[in-house]
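Encoded as structure tokens, the structure appears first; notes follow it.
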Number of protein chains: 2
Amino acid sequence: MDSCVIPLRHGGLSLVQTTDFFYPLVEDPYMMGRIACANVLSDLYAMGITECDNMLMLLSVSQSMSEKEREKVTPLMIKGFRDAAEEGGTAVTGGQTVVNPWIIIGGVATVVCQQNEFIMPDSAVVGDVLVLTKPLGTQVAANAHQWLDNPEKWNKIKMVVSREEVELAYQEAMFNMATLNRTAASLMHTFNAHAATDITGFGILGHSQNLAKQQKNEVSFVIHNLPIIAKMAAISKASGRFGLLQGTSAETSGGLLICLPREQAARFCSEIKSSKYGEGHQAWIVGIVEKGNRTARIIDKPRVIEVLPRGASASAAAAPDNSNAASEPSS
Amino acid sequence: MDSCVIPLRHGGLSLVQTTDFFYPLVEDPYMMGRIACANVLSDLYAMGITECDNMLMLLSVSQSMSEKEREKVTPLMIKGFRDAAEEGGTAVTGGQTVVNPWIIIGGVATVVCQQNEFIMPDSAVVGDVLVLTKPLGTQVAANAHQWLDNPEKWNKIKMVVSREEVELAYQEAMFNMATLNRTAASLMHTFNAHAATDITGFGILGHSQNLAKQQKNEVSFVIHNLPIIAKMAAISKASGRFGLLQGTSAETSGGLLICLPREQAARFCSEIKSSKYGEGHQAWIVGIVEKGNRTARIIDKPRVIEVLPRGASASAAAAPDNSNAASEPSS
């Protein structure tokens, strides 16, 4: 499970908490703070929890930065983290900071809640569909953006992507990673979600497999569609790394993968798009729940949905890709 | 405060939690795990909290270690952490592990409790005495032990200490750091403690000053006695580092500094010694609470209580040092 759930000594309450920390992958310290916070909270959101009682921040400042750099960067990271926490309706009340060769940022999210506030991720049934709430390809985009300044690596991918496309994809990835999965968590209750996980380090396949293993029913997950930030699939192929089309590419602060009753999924997708945080927020039906032995797989030749960055030109933004929001897989 | 206290949405309950992480300072990975856990829990114990509902472990394995070294060291650190958590009546249910240039170990301790389970560290009154539950000098001992293999540094201190004394002090420091402050936390309730803090990175003076600042009454803390692991004061002087006698030497997983009513302090000290975890556990009256402006200081020429390591010879162990447990400062 993404979070731990501890029954408490007091009246039917449970303690749910999670921790995450990692290294910066975007250059903007403020956005990095937001991303780190969104990534920590995401584990609660994956359980349909929309409130958080407390956050702690974990931080290391880099010993290889000058005092001046530290003084500029650290407050911005902290502000980004705090702002995202505030957007999540919570606050940061403590934490720990150390000096380290590398920058580390992360946190701890904790909530005490009643049984009906969270959805245990174990009740998928045959016939459910799988919905994904953010496009894949965040780490590919972050890496490709670094390669703009690395001729050797850039040469490997420049045939499939332009510098401008990388720049746009990077901005899109950064925006997506900094977006809270809170709306999705709230809609999980509205539309009777049966189970969910967030997509992070193990990629969509790894997290699907983890989720499948935890199911009470004999089910398996089959993924047909891969919504991917435009051009990132091509970069993944050209570079021979990542495994984005195999579902093994790591994501940071990825979307929720949610098992929903088939008849609810389309409405879930349209609701998320029209929610107040819905600016550009989209969800896709990416697969189905079959009878099976608690495994997950991606079909041969999955359909890649190229998700155009918001910064792309208006005509491009109106391309057919966006119409997939509520389409069902044709398995 | 050492922990954050968050009022919850549910019936008068509070969430108390704390996090700490740092770098190894002893060579034994199992003991390092225990020390890290004791250090995290200590922030709860400083508030008189004896139960912990959940722990998370924060870990980074070092990229400069071989696969083989990692496979040997990491499970031992984890086991040490888990064993100490179990001794504290709690369990580790989650966490996060990353790769980093340096090893990091730490954790998060969380408890949901009622008002009467914790003691806010703000109610010291004039006439209270200050009790310390572990001797100072842990980081001096850890450093001196490293210097055994560093001729340049060893030369600076070899006139004041023997190799065997350093070895014994190191063992003593390791044992003390791995000891939970749980008994002391429990006795804080028995003997009506008014405030407490644990002694870690800011040294006894720094933490006393922090504690003094938080007091509701106009009080100041004056420290007369410094219980220090034998020979560590001499090393601190000879090396010109640490500031152990000035109270600024950092400690790891140090003892609690507790403001107790004068008439209770001697009994507190004798109880802690006879408790079931009391093997060698000792407490000292180190200072008093005066009328003042919420500051803390150490008197000129404080009395240094040389605390003999348990490994020292039997005749040495019976030396007068141990009789200071319940003696009051002669201010």
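The values are calculated or read from the model by the stated rules, or taken from the named source; none is laboratory data. These figures come from a predicted structure and were not determined experimentally. Note that we place each Cβ from the backbone using ideal geometry, even for glycine, and neighbour counts take in every protein chain shown. Only protein heavy atoms, including side chains, enter the accessible area calculation; ligands, DNA and RNA are left aside. Shrake-Rupley method; radii C 1.70, N 1.55, O 1.52, S 1.80 Å.
The separation of the range A:98-133 from the range A:166-203, counted between C-alpha centres, amounts to 11 Å. Cross-link partners for A:LYS213 among the aspartates and glutamates, with Cα-Cα distance under 20 Å and sequence neighbours closer than 8 places in the same chain left out: A:ASP2, A:ASP43, A:ASP122, A:ASP128, A:ASP198, A:GLU290. In a reduced charge model with +1 at each Lys and Arg Cβ and -1 at each Asp and Glu Cβ, the range A:174-296 shows a dipole moment near 120 debye about its Cα centre. For B:ASN54, the residues whose modelled amide H falls within less than 5 Å of its own, excluding neighbours fewer than 5 places apart on the same chain, are B:THR110.
Rounded to the nearest 20 debye, what is the charge dipole size of the range A:4-113 about its Cα centre when +1 sits on each Lys and Arg Cβ and -1 on each Asp and Glu Cβ?
Numbers: 7 positive and 12 negative charges, 43 e Å.
Here the range A:4-113 has a charge dipole of around 200 debye.
Applying the Karplus relation 6.51 cos²θ - 1.76 cosθ + 1.60 with θ = phi - 60° to the range B:70-79 yields 3J(HN,Hα) values of 4, 5, 7, 6, 4, x, 5, 4, 5, 5 Hz, where x marks Gly and Pro. Placing unit charges on each Cβ (+1 for Lys and Arg, -1 for Asp and Glu) gives the protein assembly as shown a dipole about its Cα centre, and among A:ALA266, A:MET77, B:ILE258 the Cα reaching farthest toward its positive end belongs to A:MET77. When DSSP beta bridges are restricted to pairs lying wholly in the range B:4-113, around 70% turn out antiparallel. When restricted to Cα atoms, the protein assembly as shown yields an Rg and a Dmax of 27.8, 90 Å, respectively. The listed residues A:TRP102, A:TRP284, once ranked by accessible area (1.4 Å probe) with the largest placed first, stand as A:TRP102, A:TRP284. The contact between chain B and chain A removes approximately 3000 Å² from the accessible area (both sides summed; 1.4 Å probe; ligands, DNA and RNA excluded). Solvent exposure of B:SER270, expressed as accessible area, is near 70 Å², computed with a probe of 1.4 Å over the protein chains only.
Once the mean of 1/r is taken over each pair of separate Cα atoms and inverted, the range B:128-307 shows a Kirkwood hydrodynamic radius of 16.4 Å. Surface calculation, 1.4 Å probe, protein heavy atoms: A:LYS273 sits at approximately 100 Å² accessible.
Find the Cα radius of gyration of the range B:4-113, compare it with 2.2 N^0.38 Å by division, and give the number to two decimals.
Numbers: Rg = 14.8 Å, N = 110, 2.2 N^0.38 = 13.1 Å.
It is 1.12.
As a fraction of the 1.4 Å probe accessible area of the range B:128-307, surface on carbon and sulfur atoms comes out at 49 percent. Average accessible surface for chain A: 39 Å² per residue, computed with a 1.4 Å probe over protein heavy atoms with every protein chain in place.
Bridgeable lysines around A:LYS237 (alpha carbons under 19 Å apart, same-chain partners fewer than 8 residues away excluded): A:LYS153, A:LYS156, A:LYS158, A:LYS301.
With the gyration tensor restricted to C-alpha atoms of the range A:117-158, the semi-axes of the equivalent ellipsoid amount to 40, 12, 7 Å, longest first. Tell me the carbon and sulfur percent of the accessible area for the range A:4-113, rounded to whole percent, probe radius 1.4 Å. Within the range A:4-113, the accessible surface is 54 percent carbon and sulfur.
In square angstrom, rounded to the nearest 10, how much accessible surface does B:TYR170 have for a 1.4 Å probe? B:TYR170 exposes around 10 Å² with every protein chain in place. Here the Karplus relation 6.51 cos²θ - 1.76 cosθ + 1.60, evaluated at θ = phi - 60°, turns the backbone of the range A:238-248 into coupling constants of 5, 7, x, 10, 6, x, 4, 6, 8, x, 9 Hz, with x for every Gly and Pro. Treating the Cα atoms of chain B as identical point scatterers in vacuum, please give the log10 of the normalised Debye intensity I(q)/I(0) at q = 0.13 Å⁻¹, two decimals. Those come out to -0.96, one per q. Determine the residues within the range B:1-38 where the difference in accessible area between the chain on its own and the full set of protein chains amounts to at least 10 Å²; count protein heavy atoms only and use a 1.4 Å probe. Listed in order, they are B:CYS4, B:ILE6, B:LEU8, B:ARG9, B:HIS10, B:LEU13, B:LEU15, B:GLN17, B:THR19, B:ASP20, B:PHE21, B:TYR23. Only alpha carbons enter this Debye calculation for the range B:108-183, each as an equal point scatterer, and the log10 of I(q)/I(0) it gives at q = 0.26 Å⁻¹ is -1.21.
Annotation: the range A:141-236 has a Kirkwood hydrodynamic radius of 15.9 angstrom, from the mean reciprocal C-alpha pair distance. Among B:10-23, A:287-300, the peptide with the highest mean count of other Cβ atoms within 10 Å heads the list, and the full ranking is B:10-23, A:287-300. Computed from point charges on the beta carbon alone (+1 for Lys and Arg, -1 for Asp and Glu), the dipole magnitude for chain A about its Cα centre is near 540 Debye. For B:LYS79, a cut-off of 17 angstrom between C-alpha atoms picks up these aspartates and glutamates, skipping any fewer than 8 places away in its own chain: B:GLU27, B:ASP28, B:GLU69, B:GLU71, B:GLU87. Placing a label point 7 Å from the Cα of B:GLY89 along the Cα-to-Cβ direction, the distances to the matching points in the other copies come to 3.3 nm, shortest first.
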